[in-house]
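Trainee: After the structure tokens below, expect a handful of questions from me.
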Amino acid sequence: MKWAALGLTIFIMRLALYAVWTIGGMPGRVAAARNHPKAEAINVGSWATLLFGVIGWPWVLMWAYSHPGSRGSGPKRPRVGRWDDRRSSMIILMTGAYAGFLFLLIKVGIFKQWAGWMSASCVVVFISMLLIFVIPMNFGAPAGPVVVLKNTVQISPNVAGPVVEVPVSSNTPLRKNDVLFMIDSAPFQAAVDSISARLALAELRLKQASELAADQAGSVYEVQQYDAEVRGLQADLNAARWNLDQTTIKAPVDGWVLDVALLPGVRLAAGQAAMAFIDESETFLVVQMQQINTRHIEPGDAAEVIFKLFPGQTFSATVVRVFKANSSGQLAPSGTIVTLDQFDAAPFLVHLSLDDPDVFVPAGSVGTAAIYTGQFTGLSHVIRKILLQQQNWKNYVQI
């Protein structure tokens, strides 16, 4: 399909250029063939009309035909291009025959007026294109804009303190549990040491009280009191050790930090955002589809994706799920009565997954995706593939 789209694009471009060359040079060639004394002026005027939307081109053509065409008398004018009088006569004859045929149809009452015929022909062609190409293609192979999304984790410390070290750099791949930055651990280590000392003393007092109580030389109440004190200090020690461990902030999953702006010496509060960590474990391709075009999309349908970042490349994908809900249908609890505004058919989102898991596509990359459903699997799929490849080639130059 890639080469078919390229070939079709080149053919259309060449056809357009040939049409421009034919239309632009026709009056000049007619004037030169008829030995018109103003052949060069007619040729220049003909090409000049193309710059103004072909306005005035018919008058230039009639000017070219205004000379009787005495090719045998007078000096020879420079020929702008080869032109066969028989070809021009045939064009005039065919145009006159077509005009006469339409005039006859109007006379017999089939068409009331020229404008009606022209309007009717445009409507017929438009409806035919809709029924044969556009509608089946939108149902059988819908397409829409796609964006690449990745989960982002907001990295914030659980304890407050000044930053003493930031060993990571921007846009560098990291593994899970790699150190992102460190907070001064001195006060937290002091808290652990203090509680550890108090716990050791409480455990000693508990042992001594238990021995005295066993010999009936001490009170059971003191044993219970020291036991509670030991349990409380053990809980405090666990919390202090957890706080100490939280002074080293590590990567939650495999990924990277896009922009490291944190520097040593910055004091962070508990819960304060310090950096954004991009999760590399999963990539989401989300396609925006009009609601009417999602009726035939099912999980498992094949898809093709192109990105502006990778012009000329087509990536195969598979439909994972269709999110048949959007913000227009959200009913949030509030203390007011729901207000009914004007409803718009907001698009639904379709989740795709690339078939090749090793392909790296940066988050935020945009492009176009086409989904090939089980409906209208013939011509509609072929046309969509060609159109998608044409868009793919346009990505080389399109902004």
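Trainee: Suppose the filter is in contact with a Lys or Arg (Cβ under 8 Å, 6 or more places away or on another chain) and more than 30 Å from A186 (Cβ to Cβ); does D279 pass it?
Mentor: Yes.
Trainee: Test each condition in (1) modelled with pLDDT of 85 or more; (2) farther than 30 Å from P347 by Cβ for A120 and report the one that comes out false.
Mentor: Only one criterion in (1) modelled with pLDDT of 85 or more; (2) farther than 30 Å from P347 by Cβ is unmet by A120, namely (1).
Trainee: Cβ-Cβ distance below 6 Å, separation of 6 or more or different chains: which pairs start in the stretch 201-215 with a residue that is assigned by TED's automatic domain parsing to the domain that holds Y226 and of a type outside the set (A, V, I, L, M, F, W, C) and end on one that is crowded, with 17+ Cβ neighbours inside 10 Å and in a helix (DSSP H, G or I)?
Mentor: That search, which allows pairs on different chains as well, returns E203/V230; R205/Y226; S210/V223.
Trainee: Quick one: is V220 more than 39 Å from the chain's Cα centre (by Cα) and buried (at least 16 other Cβ atoms within 10 Å of the Cβ)?
Mentor: It is false that V220 is more than 39 Å from the chain's Cα centre (by Cα) and buried (at least 16 other Cβ atoms within 10 Å of the Cβ).
Trainee: Here's something else I'd like to know. If A31 satisfies all but one of (1) assigned to a loop (DSSP other than H, G, I, E, B); (2) at pLDDT 70 or above; (3) hydrophobic (A, V, I, L, M, F, W, C), what's the number of the condition it fails?
Mentor: It fails just one condition, (1).
Results for (1) assigned to a loop (DSSP other than H, G, I, E, B); (2) among the charged types (D, E, K, R), shown as yes or no for each residue.
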residue	(1), (2)
E211	no, yes
A217	yes, no
E222	no, yes
G232	no, no
A261	yes, no
P264	yes, no
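Trainee: For the stretch 292-314: of the residues being of a type in the set (V, I, T) and assigned to a strand (DSSP E or B), which is surrounded by the most Cβ atoms within 10 Å (Cβ to Cβ)?
Mentor: V305
Trainee: Identify the residue in the stretch 377-399 that is assigned to a loop (DSSP other than H, G, I, E, B) and either touching a Cys at 6+ places or on another chain (Cβ under 9 Å) or modelled with pLDDT under 80 (or both) and, among all such residues, is surrounded by the fewest Cβ atoms within 10 Å (Cβ to Cβ).
Mentor: My answer is I399.
Trainee: Do we have any residue at all in the stretch 272-283 that's within 17 Å of the chain's Cα centre (by Cα), part of a strand (DSSP E or B) and surrounded by 14 or more Cβ atoms within 10 Å (Cβ to Cβ)?
Mentor: Within the stretch 272-283, one or more residues are within 17 Å of the chain's Cα centre (by Cα), part of a strand (DSSP E or B) and surrounded by 14 or more Cβ atoms within 10 Å (Cβ to Cβ).
Trainee: Output the residue which, of all residues in the stretch 166-207 that are farther than 20 Å from S156 by Cβ and among the basic types (K, R), is nearest to the chain's Cα centre (by Cα).
Mentor: Taking the candidates together, the pick is R175.
Trainee: Which one of these does A317 not meet: (1) assigned to a loop (DSSP other than H, G, I, E, B); (2) without any contact (Cβ under 8 Å) to a residue 60 or more places away in the chain; (3) within 19 Å of the chain's Cα centre (by Cα)?
Mentor: Going through the list (1) assigned to a loop (DSSP other than H, G, I, E, B); (2) without any contact (Cβ under 8 Å) to a residue 60 or more places away in the chain; (3) within 19 Å of the chain's Cα centre (by Cα), A317 breaks only (1).
Trainee: While we're on this one: From the list V168, V163, V179, which residue is touching a residue at least 40 places away in the same chain (Cβ under 8 Å) and within 17 Å of A270 (Cα to Cα)?
Mentor: Going through V168, V163, V179 in turn, just one is touching a residue at least 40 places away in the same chain (Cβ under 8 Å) and within 17 Å of A270 (Cα to Cα): V163.
The values are calculated or read from the model by the stated rules, or taken from the named source; none is laboratory data. Note that the structure is predicted; figures quoted are calculated from it, not measured. Quick reminder, even Gly has a Cβ in these numbers, built from the backbone with ideal geometry, and neighbours come from all protein chains shown.
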